[in-house]
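The values are calculated or read from the model by the stated rules, or taken from the named source; none is laboratory data. Everything numeric here is computed off the predicted structure, so don't read it as measured data. No Cβ is skipped: glycine too gets one built from the backbone with ideal geometry, and neighbour counts run over all protein chains shown.
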Amino acid sequence: MAHKVQETNMDVDYVVVFRVPDDNKEAGARQFQKLIRALAETGLATEVRRNDETSLFIFVKVADEKTFAEVVYRSRIKDWLHGIRQIQPTQDTAQTLTSEPLSEAERYRMIHHMICCPREEGGAGITPKHGEWKGVEAVFPLHDHAKNKKWLTEFSQKTFLTPEDLDEVRNTMGEKVGYYYAFLQTYFTFLIFPAAFGLSAWLLLGNYSAIYAIVTGLWCVVFVEYWKRQEQELAIRWGVKNVGKIEDKRREFVPDKIITDSITGEQIPYFPSKKRLQRQLLQIPLAILCIIALGAVICTCFAIEIFISEVYDGPLKSVLVFLPTIILTLAVPTITNYLTQFAERLTFFENYETQDAHDKAMVSKVFVINFITSYLGIILTSFVYVPFASLLVPYLDVFSLTVRPFAEHEKQLQTPSPAAFTINPNRLKNQMIYFAVTAQLVNFAMETILPLVTQKGTKKYKEMQSARAEKAGGATPSISANDPPEEKEFLSRVREEAALPEYDVTSDLREMVIQFGYLALFSVIWPATPVSYFINNWIELRGDTFKLTVESRRPNPARADTLGPWLDSMEFLAWLGSITTAALVYMFSGGNGPDGKPHAICLWALLLSVFLSEHVFLVVRMAVRYAISKFDSAAMRKERSERFMVRKKFLEEAGLADAIKPVASPPNSPLKTASGEQAFTSMISRASLEEDARADSLTTSTPADHFWHHQRSWAESERVGIGMIDLMDLKGRGEKKAQ
């Protein structure tokens, strides 16, 4: 029985964590009272339990299924009005939940709407950590631990996830998480070909192969264009196409004025797009600031590392070579954090109306920061160190200050002459291997293993601290000691989940896009790169599932119909890859590239190769996009059928169903009379011709009228035509042709 209690969620739909202010208990009590009443007015039942010394759990569930059905009905009607769903919901709200049952994610999304959406939209208007609800720390659903264990077991035994697995993820966690899993699975499947081809190219063709570069560029185009099509099909299959049109309004949105919609007559908040565009122009100074701040640090550390590894020849060289890495580790995250905060403030200043638009603008700014931190180092090696080392090394003596305290004499700090300096031919390849292998392992450890160790360590430390306090005597009993026995396991599990961080699917998407960038831009340096990514991404999907189900709180289900700006980022990286790959192949193919002397590079040939590669990329992308657009699918056919059925139902309800029914013969057919008998069966006679001539003489007629009155019906045309055919001498014509 205890096992069943542990696995059940006690029919709880949502958990609200309320923190009482330390300095004002009366204000906390008033806010708590307001919170409970707001939830009750929305149609939610509540139960309260202690969390810790200063916070409460408010367990929430739907109080009345009839009221909840009305919420679902209004939501589906809104979707129908905006074209997200084609079929109109049933008008009987009592049948709303039975005729079209809710998925688990849809149910939680509706309840989250009831808790957090503004009152004018049918919600309680509770916004955690914002405004009057600063005491509300979190609002989250509970994990389904049985399903989580099932996923962890099944996914670890599979190589590929099936469409049914993706549907289950979507039905449980929502479309936003479902899209990430679908993208990662598609990316993993597509990596099979470049992994096999890259391994063969590495063994047979070597590094900087033009053939590998062409194949990889084509693969990038096909993958990005295929995923764009896959997004559309998933949106149709999951019923979220164009869902971005009706995203909930942001509470932070400040309208410039209230205007009246000329069509609907509604009062709507309005912010001029021209004014927002002027604010968006501030992204240019932000990008320049990112380049200067991050670029200066990365370039400086890069130069220090070159000096220590290539020039310095004194004591502790093997230790001092890690000095730039330490500086980067300390400086880059700090600068990135400040730049991200500035980007957040700028995005708030741009004043977007919906959360979706706000998030997309923020992602675009974050991508610029990630691009610099991820790729600048290898760009410097490829296009600065290797081609121009002989020109730059004499100026590196300024960085001798970093190791001067450890040098024994000046000769150990002396930079070699350009003629005597020799570059490290394996530096670029080793750098790429680091990003393809070592960095992936480090990232997996940091995002999956370290949080688990930290959670276990923190829990063990608290247990030891509590045991030590009890042994010393006088320790106050823990809050959990007063839990009812039948709820003890459940409340313990809720406390553990409440202490977990929120799951951020955006960070996982960013990681995959950055990885795709390395493959598109620099994998020609080491063609075995796709092999490493293929292996890593199998582990990544299982690791992300572990992070989603064990190391994070269950996310609030959110709808989406695209990856948003991340798809634009991949298109940009694929295009940029056509340029960098062409340049690398030109400079490095046939060896390790220029030996640090720029005279080995023919500028016009380099620019020509880049120009041709970029234009071939654009042509190929256009051709691939056109070819993929011609493919049909079951999802597309389903959407067309649903649109047809909507119009058909409208005609039936309007009493015009006969207009689309199949007919045995064309309407108003002259072949039959109204009673169904054969029309115009009488023969042409002399009397009928005389009667027609008499009728014509009584009216004024034109030559056209005379022309059309020779044969008065289809029957006369038929008889005249048969007579003409009988008079034809086809045999004599054949003999004449033979002569």
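Checked against the criterion of being closer than 30 Å to Asp52 by Cβ, of a type in the set (Lys, Arg) and modelled with pLDDT of 85 or more, the candidates Lys429, Lys488 yield just one match: Lys488. Asp64 meets each of the listed conditions (1) surrounded by 16 or more Cβ atoms within 10 Å (Cβ to Cβ); (2) modelled with pLDDT under 90 apart from (1). Each residue in region 1-24 was checked for being modelled with pLDDT under 75 and of a type outside the set (Gly, Ala, Ser), and 6 of them qualify. Per the conditions (1) in contact with an Asp or Glu (Cβ under 7 Å, 6 or more places away or on another chain); (2) at pLDDT below 90, the sole criterion not satisfied by Gln88 is (1). For the residues Arg50, Arg37, the requirement of being over 19 Å from Ala498 (Cα atoms) and not small (Gly, Ala, Ser) singles out Arg37. Which residues, taken from region 331-362, are free of Cβ contacts under 8 Å to residues at least 60 places away in the same chain and among the aromatic types (Phe, Trp, Tyr)? Hits for region 331-362 are Tyr338, Phe342. Tell me the residue from Ser532, Ser569 that is buried (at least 19 other Cβ atoms within 10 Å of the Cβ), over 25 Å from Tyr503 (Cβ atoms) and in contact (Cβ under 8 Å) with a residue 40 or more places away in the chain, please. Going through Ser532, Ser569 in turn, the sole match is Ser532. Condition first: surrounded by 19 or more Cβ atoms within 10 Å (Cβ to Cβ) and either within 26 Å of the chain's Cα centre (by Cα) or of a type in the set (A, V, I, L, M) (or both). Now tell me which residues in region 93-105 satisfy that. The one that is surrounded by 19 or more Cβ atoms within 10 Å (Cβ to Cβ) and either within 26 Å of the chain's Cα centre (by Cα) or of a type in the set (A, V, I, L, M) (or both): Ala105. Output the number of the condition that Ile211 fails; it satisfies all remaining conditions of (1) part of a loop (DSSP other than H, G, I, E, B); (2) free of Cβ contacts under 8 Å to residues at least 12 places away in the same chain. Tallying (1) part of a loop (DSSP other than H, G, I, E, B); (2) free of Cβ contacts under 8 Å to residues at least 12 places away in the same chain, Ile211 fails exactly one: (1).
Identify all residues within region 259-314 that are basic (Lys, Arg) and surrounded by fewer than 13 Cβ atoms within 10 Å (Cβ to Cβ); write none if there are none. If the condition is that a residue be basic (Lys, Arg) and surrounded by fewer than 13 Cβ atoms within 10 Å (Cβ to Cβ), then Lys274, Lys275 are the ones that fit.
Against the test of being modelled with pLDDT of 90 or more and either surrounded by fewer than 16 Cβ atoms within 10 Å (Cβ to Cβ) or not charged (D, E, K, R) (or both), the options Ile601, Ile579 yield a single qualifying residue, Ile579.
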